[in-house]
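Chemist: Quick one: structure below, then a few questions.
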């Protein structure tokens, strides 16, 4: 089982630090190259540069009153959710379909319903 993970290209987990500007403030973000690639894929779908995507995620998370104390963890989770939502078909594999064109509320409602049903199943 683990061979699938440990046999992957070590370059995937090499860390890379990138500097970017959010609201005029320069900040650095350190992520593994795997996550930078996923962020590039997400950004490309909506015609954004990675720095623009990260700034957009930051602002929208801030508007939603999320605790951004560990923003890099948030970005890793965003990448994981993107890949998981592709597997469920909620985000089409066709990269020409922008993320912004998807019905986020419908996807989130279905996801919440699934979590509730799973919790109920575990209790009974």
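Any read-out appearing in this document is the output of simple, stated calculations on the displayed coordinates, not a laboratory observation. All figures in this text were calculated on a predicted structure; none of them were measured in a lab. Note that each Cβ is placed from the backbone with ideal geometry, even for glycine, and that neighbours are counted across all protein chains shown.
Chemist: At a Förster radius of 30 Å, what calculated FRET efficiency corresponds to the Cβ-Cβ distance of residue 107 and residue 49, to the nearest 0.05?
Modeler: That pair, residue 107 with residue 49, gives E of 0.75.
Chemist: Sticking with this one: Mind checking the full-extension length gain between residue 95 and residue 72? Use 0.36 nm per residue of separation minus the Cα-Cα distance, one decimal, nm.
Modeler: Here the answer is 5.9 nm.
Chemist: Averaged across orientations, what area in nm² does the convex hull of the alpha carbons in the chain project?
Modeler: Averaging across all directions leaves 10.1 nm² for the Cα convex hull.
Chemist: Separate question: Report the residue, chosen from 25, 12, 93, that carries the largest GNM mean-square fluctuation when the chain is represented by alpha-carbon nodes joined by springs under 10 Å.
Modeler: Result for the chain, Cα springs under 10 Å: 25 fluctuates most.
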